[in-house]
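The next block holds one structure in the form of structure tokens; read it before the comments.
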Amino acid sequence: MDIDMNIFHGELRARLQRVEAGREERVAAGTYDGVPSVAELLAGRDVLVTGGSGFLGRVLLEKLLRSCPDIGTVFLLLRAKRGVPPEERVAGIVNVPLFDQLRREQPTAISKLVPVAGDCAELGLGLSPEDRAMLQDRVFIVFHGAASVRFDDPVSKAVLINTRGAREVAALCAGMRQLQTLVYVSTAYTNMDQHWVQERLYPTQMDWRTMIAASENADTAATMNSLGQKLLGHQPNTYTFSKALAEQVMAEAAATIPIVIVRPAIVIGAAKEPLPGWLDNVNSPATIWVGVNMGVLRVSKLSKPEVRYDWMPVDVVTKATIVAAWAKATKQLGSDVLPVVNAALSDVHPVTEEQITEIYNEMTRRTVPFSSAVRYPVHIHCKCWIQYAVIYLVYHLMFGLIMDALLRLAGKKPRLIKVYRKIAAAEVVLVPIAERLRNIRFETCGFWDLQRLMHPDDVKNFDFDLDSLDPRVDSISMLKGIWQYTLKGKFDKENGLRHIDRLFWMEIGFYVCLVAILIYLYLPI
């Protein structure tokens, strides 16, 4: 490995000891006397969740229902999708393995999920007057996680959904009679021009009001979209740009509304709850894992051995989000008008590109073999662009052309070159981010403070359990999760191993034949 993990894990253990000592001091001082736990706080209380159909939103819903059995109604802001009404979308959200444990333990809990027709991309969130009045009368806590997470959205679209949507949520909350907390789920990468990202707000280069007004005007929106990166300044993409503006929206709203901002780093599959490796999409690192294990991706421009990634299991992020809501509602966070929590782990549990490659080549492809792989899976770590270019030409473009030709001969639609075009387009977006990740570190005092402040009765259900994280175990769980939950495949290790062994010998046979042909052509006997 390229770094000494013992140093980082030593710091991790030291921090966990300080957390435990802090909890014990608070208990001894009677700090929790009269303070409800998370489950007690939410008993009989109604909450509103935006973004409940997304990856993080689904896990949040499941955790709220499972760990807070007496919670009131959980309202979901959902838009009708392709003619599907919100009621049917709720069924689509919960009819997945993620909710199996909840269905076994609390069969009626899912009935607490109530859809409310709306859309964060619309003014007033697209709410009817009746629904708006009902929410403002009943909701106790709001979790705002809805956002467009595409990095390549036009500027105007990202601003309308992510920035104006935040403004509309804040306006809704301003009229809520019982509101105790609005949790805004941002991203740790809103300030990528900083080498040391503190748990505070940073000024933006553009004013959020100006950007919203410009995005609402068709002519100025078109101009903004054509300017692209020139308008974004130091931001690498429209997602981080619009989320940074949304934080400024929350900063102004915090004068009258109790708000806490949670900034998760790179959210990956669940470490433990409720299903290890749960992942319902192939975004973020999962895209690379899928491409490699399918035998499609062999080399990537993202291969920077010194890059220290900040992987945050989705169940840890979910717990941090819920505990942050509790801490703000019960006034455990002190006097800060707008607390900010960087949910990041690279200072105690880093995962580097070199570690990822070694983990994969040493064990993962043999532990989680994909029975539908198209080529023997290998991930090659390149350290110079010439090596990358040669490998890309041979193992990507030539392979794609040959496979597509064979597909045409078989009367099937060619698809490999199309896949490689998508990979190239993704690299254009992701490479600038990977370059900046090398120098970014996060202040995480607030994240660790959430664990220290945690109510003793919540430790069993909401402890972050960071000392159990292991890059090898987590990588294997994530690959299994991708295969089972995202690609909907049935995991059969024995069959998968036989398949990739066949692919290995087929590739060896191809190289032997190629060498024999070259010898025959250029070294005639």
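The values are calculated or read from the model by the stated rules, or taken from the named source; none is laboratory data. Nothing here was measured: the structure is a model prediction, and the numbers come from that model. Every residue, glycine as well, gets a Cβ built from its backbone with ideal geometry; the counts of neighbours run over all protein chains shown. The protein model used for the area step is the full one, side chains on, heavy atoms only, and it has no ligands, DNA or RNA in it. Shrake-Rupley method; radii C 1.70, N 1.55, O 1.52, S 1.80 Å.
Ranked highest first by the average count of other Cβ atoms within 10 Å around their residues, in what order do 108-119, 18-29 fall?
108-119, 18-29
For a quick check of understanding: with a 1.4 angstrom probe and all protein chains in place, what accessible area in square angstrom does residue 33 have, to the nearest ten?
Ignoring ligands and nucleic acids, residue 33 comes out at about 120 Å².
Full-extension gain between residue 196 and residue 443, please, as 0.36 nm times their residue separation minus the C-alpha to C-alpha distance.
88.2 nm
Leaving out ligands and nucleic acids, note down the accessible area per residue over segment 205-293 with a 1.4 angstrom probe, in whole Å².
On a per-residue basis, 36 Å².
Leaving out ligands, DNA and RNA, what percent of the accessible area of the chain is carbon and sulfur, probe 1.4 Å?
57
Mind pulling the angle between the C-alpha long axis of helix 493-522 and the longest principal axis of the chain? Nearest 10 degrees, somewhere in 0 to 90.
Between helix and principal axis, roughly 40 degrees.
In straight Cα distance, which aspartates and glutamates are under 12 Å from residue 413, not counting same-chain residues fewer than 8 positions off?
In chain and number order, the partners are 404.
Given the options 423, 469, 447, identify the residue whose Cα lies farthest towards the positive end of the charge dipole of segment 396-479 (+1 on Cβ of Lys, Arg; -1 on Cβ of Asp, Glu).
423
What aspartates and glutamates does residue 493 reach when the alpha-carbon gap must be under 20 Å and sequence neighbours fewer than 8 apart in one chain are set aside?
Hits, sequence-local ones excluded: 362, 474, 501.
Can you tell me the accessible area per residue over segment 377-462, all protein chains present, probe 1.4 angstrom, in square angstrom? Working shown, then result.
Working: 4910 Å² over 86 residues.
In whole numbers, segment 377-462 has 57 Å² accessible per residue.
Aspartates and glutamates near residue 301 by alpha-carbon distance under 20 Å, same-chain residues fewer than 8 away left out - which ones?
Output for residue 301: 2, 152, 310, 353, 354, 358, 427, 435.
For a 23 Å ceiling on Cα separation, which of these pairs sit above it: 81/490; 328/460; 272/480?
Beyond 23 Å between Cα atoms: 81/490.
Please report, in debye to the nearest 20, how large the charge dipole of segment 269-426 is about its Cα centre when each Lys and Arg carries +1 at its beta carbon and each Asp and Glu carries -1 there.
Charge dipole of segment 269-426: 840 debye, to the nearest 20.
Name the long-range amide H neighbours of residue 71: under 5 Å, sequence gap of 5 or more, or other chain; modelled H, no Pro or chain starts.
Correct list: 44.
Counting only protein chains, not ligands or nucleic acids, how are 372, 156 ordered by accessible area (probe 1.4 Å), most first?
Of 372, 156, the descending order of accessible area is 372, 156.
What residues qualify as long-range amide H neighbours of residue 309, i.e. H under 5 Å apart, gap of 5 or more or another chain, H built at 1.01 Å from N?
Those lying under 5 Å, H to H, from residue 309 are 351, 352, 353.
Which of these values of log10 I(q)/I(0) by the Debye sum over Cα atoms at q = 0.07, 0.09, 0.13 Å⁻¹ was calculated from the structure shown: (i) -0.42, -0.67, -1.23; (ii) -0.48, -0.76, -1.37; (iii) -0.42, -0.70, -1.39?
(iii)
Roughly what % of DSSP beta bridges within the chain run antiparallel, to the nearest 5?
Percentage antiparallel, nearest 5: 10.
Per DSSP H run of at least 4 residues, take -39500 (n - 2.57); add these up for the chain, divide by its residues and hand me the 222 nm value, nearest 500 deg cm²/dmol.
Working: 22 runs with 246 residues, N = 525.
Helix contribution divided over all residues of the chain: -14500 deg cm²/dmol.
Show 366, 436, 89 ordered by accessible area, largest first, where the area counts protein heavy atoms only and the probe is 1.4 Å.
Descending accessible area places them as 366, 436, 89.
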